[in-house]
Amino acid sequence: MSTSSLEEKLAQFDPNGVGDSSGGLFGLPFTPAEAQVVVVPVPWEVTVSYRAGTAAGPAAIRDASAQVDLYDPDVPDAWRLGIAMEEIDETWSQQSHMLRQQSEEYIGWLEAGRPAKGGAKFASVPAAITAKGQELLAWLQQKTGALLDAGKSVVVLGGDHSTPLGYMHALAQRHEEFGILQIDAHCDLRPAYEGFQYSHASIMYNALQLPQVKKLVQVGIRDLCQQEADLIAHSGGRVAMFHHRSLRDQMYEKKSWKKMCGKIIAQLPHKVYLSFDIDGLDPKLCPGTGTPVPGGLEFEEALYLIRAVVRSGRQIIGCDLNEVAPGETDWNGNVGARLLYQMCNWMAVSQGHLKASGMAG
């Protein structure tokens with residue numbers, strides 16, 4: 001697409017018009033080649049251990065995105081930047097569905113106490129699923145790496161929370177060090193949970209194997225096991241957890257969210273990767289998600305934190321959004337689409353592709 005053709009699209013598009021459901025993400029007219037921000041969908045949920053459905057998250061968000069009004073008082077011209085989503089890879093979707101059936105039977109066998117009758121049948125399941133998880137990692141590392149090298153800003157859209165590991169590897173090849181800001185109900189620090197090396201419950205344990213990840217800052221945590229608590233306690237400060245109960249206690253004691261966000265951000269280095277599990281929000285906002293937990297951040301609390309990270313002068317080098325499942329209504333995709341739009345915009349602001357109110361320069 002030539003520059004003149006792109007300029008024609010910008011001139012002809014009406015951001016005040018009815019969202020075009022036949023258009024691109026958010027009804028925008030851009031292709032991934034034209035857009036500055038490219039969303040890579042990963043319809044994968046092989047290791048989910050409670051409720052399935054997150055593999056359909058990218059499609060649900062894409063479908064709901066046409067209902068999002070594009071004007072943002074903080075970033076009025078955000079839509080002009082260009083956001084586009086690549087086509088959903090049906091090969092990975094089909095493999096996820098097939099392997100999910102195997103893992104579901106295997107997890108059921110584990111929960112039944114590993115009866116001897118099924119031992120031979122299930123012995124090879126963890127290794128087979130781990131091997132496919134390694135393939136997914138390599139595929140996503142190559143894909144996102146190519147986009148980064150083309151100058152794109154990239155968002156990975158899951159799927160379950162295991163999906164973005166390949167993207168983290170691609171970033172580790174291109175940045176000497178960075179921190180991860182994880183918004184989540186769970187720590188995801190279990191090594192090879194249920195025998196799966198690339199489990200959704202192991203994503204941050206796996207991320208910490210990258211030496212470039214200097215800091216992991218977790219916000220909104222409500223569920224963790226003793227093993228995860230011990231890992232954090234013995235991390236030498238590499239992992240900082242802000243348990244949601246502690247955050248709420250401070251709010252009840254009249255401490256402002258602004259001050260609490262300041263303490264969270266102070267733990268982060270200059271370069272930040274944002275990993276957002278939708279269950280970090282209050283489950284009234286994401287009732288379809290796979291492992292909902294009572295409590296959680298309100299929508300605007302989460303956005304305030306993200307904006308505060310950018311306004312602190314830090315750079316969001318990449319991000320992911322995961323665990324959005326369609327559920328029984330359009331609500332989950334609706335909330336997910338709005339969250340995705342804000343994440344794309346503020347990552348672009350932090351990288352200098354957009355200007356926002358209250359920002360220097």
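The values are calculated or read from the model by the stated rules, or taken from the named source; none is laboratory data. Keep in mind the model is a prediction, meaning the values are calculated, not measured. Cβ atoms come from the backbone with ideal geometry, glycine included; neighbour counts cover every protein chain shown. Accessible surface areas use protein heavy atoms only, side chains included; no ligands, DNA or RNA. Shrake-Rupley method; radii C 1.70, N 1.55, O 1.52, S 1.80 Å.
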Would you check which residues across segment 111-126 are open to solvent by 30 Å² or more (accessible area, probe 1.4 Å) and out of contact with any Asp or Glu (no Cβ under 9 Å at 6 or more places or on another chain) and list them?
Glu111, Ala112, Gly113, Arg114, Pro115, Ala116, Lys117, Ala120, Ala123, Ser124
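Being within 23 Å of Asp330 (Cβ to Cβ), open to solvent by less than 20 Å² (accessible area, probe 1.4 Å) and assigned to a helix (DSSP H, G or I) narrows it down to one of Ile129, Ile61, so name that one.
Values: Ile129 fails: within 23 Å of Asp330 (Cβ to Cβ).
Going through Ile129, Ile61 in turn, just one is within 23 Å of Asp330 (Cβ to Cβ), open to solvent by less than 20 Å² (accessible area, probe 1.4 Å) and assigned to a helix (DSSP H, G or I): Ile61.
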Can you give me the number of residues within segment 265-290 that are within 19 Å of Gly318 (Cβ to Cβ) and more than 16 Å from the chain's Cα centre (by Cα)?
6
Which of (1) farther than 17 Å from Cys344 by Cβ; (2) part of a helix (DSSP H, G or I) is the odd one out, the single condition Val46 does not satisfy?
(2)
Condition broken by Ser124, with the remaining ones in (1) within 26 Å of Ser199 (Cβ to Cβ); (2) at pLDDT 90 or above; (3) of a type outside the set (Lys, Arg) satisfied:
(2)
Take the residues of segment 296-319 that are closer than 23 Å to Val39 by Cβ and small (Gly, Ala, Ser): which is nearest to the chain's Cα centre (by Cα)?
Gly318
Take the residues in segment 87-101 that are out of contact with any Phe, Trp or Tyr (no Cβ under 7 Å at 6 or more places or on another chain) and crowded, with 17+ Cβ neighbours inside 10 Å, then tell me which one is nearest to Val155 (Cα to Cα).
Ile88
Mind listing just one residue for me: the one in segment 139-150 that is among the hydrophobic types (A, V, I, L, M, F, W, C) and in a helix (DSSP H, G or I) and, of those, surrounded by the fewest Cβ atoms within 10 Å (Cβ to Cβ)?
Ala146
Sort out which residues of segment 23-58 are open to solvent by 20 Å² or more (accessible area, probe 1.4 Å), touching a residue at least 60 places away in the same chain (Cβ under 8 Å) and of a type in the set (S, T, N, Q), and write them in order of number.
Gln36, Ser49
Taking the conditions exactly as written (touching a residue at least 60 places away in the same chain (Cβ under 8 Å) and touching a Gly at 6+ places or on another chain (Cβ under 7 Å)), does Asn345 satisfy them or not?
no
State which residue pairs qualify: first residue within 21 Å of Arg62 (Cα to Cα) and modelled with pLDDT under 85 and inside segment 1-22, second residue assigned to a helix (DSSP H, G or I) and acidic (Asp, Glu) in any location, beta carbons under 9 Å apart, and separation of 6 or more residues or different chains.
Ser21/Asp63
Filtered residues of segment 126-147 (kept if in contact with a Leu (Cβ under 9 Å, 6 or more places away or on another chain) and either among the small types (Gly, Ala, Ser) or free of Cβ contacts under 8 Å to residues at least 40 places away in the same chain (or both))
Ala128, Gly133, Gln141, Gly145
List the pairs whose first member sits in segment 192-220 and is in a helix (DSSP H, G or I), whose second member is open to solvent by 10 Å² or more (accessible area, probe 1.4 Å) and polar (S, T, N, Q), and whose Cβ atoms are under 8 Å apart, counting only residues at least 6 apart or on separate chains?
Tyr193/Ser49; Glu194/Ser49; His200/Ser49; His200/Ser162; Ala201/Ser49; Ser202/Ser162; Ile203/Ser162; Asn206/Gln197
Looking for something touching a Cys at 6+ places or on another chain (Cβ under 7 Å), surrounded by 16 or more Cβ atoms within 10 Å (Cβ to Cβ) and touching a residue at least 60 places away in the same chain (Cβ under 8 Å) - is there at least one such residue anywhere in segment 151-158?
yes
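What number of residues in segment 173-211 are hydrophobic (A, V, I, L, M, F, W, C), at pLDDT 95 or above and open to solvent by less than 10 Å² (accessible area, probe 1.4 Å)? Lay out the reasoning, then the answer.
Within segment 173-211, the first condition is being hydrophobic (A, V, I, L, M, F, W, C), and the residues that meet it are 178, 180-181, 183, 185, 187, 189, 192, 196, 201, 203-204, 207-208, 210.
Those left that are additionally at pLDDT 95 or above: 178, 180-181, 183, 185, 187, 189, 203-204, 207-208, 210.
If we keep only those that are open to solvent by less than 10 Å² (accessible area, probe 1.4 Å) too, we end up with 178, 180-181, 183, 185, 187, 189, 203-204, 207.
Selection size over segment 173-211: 10.
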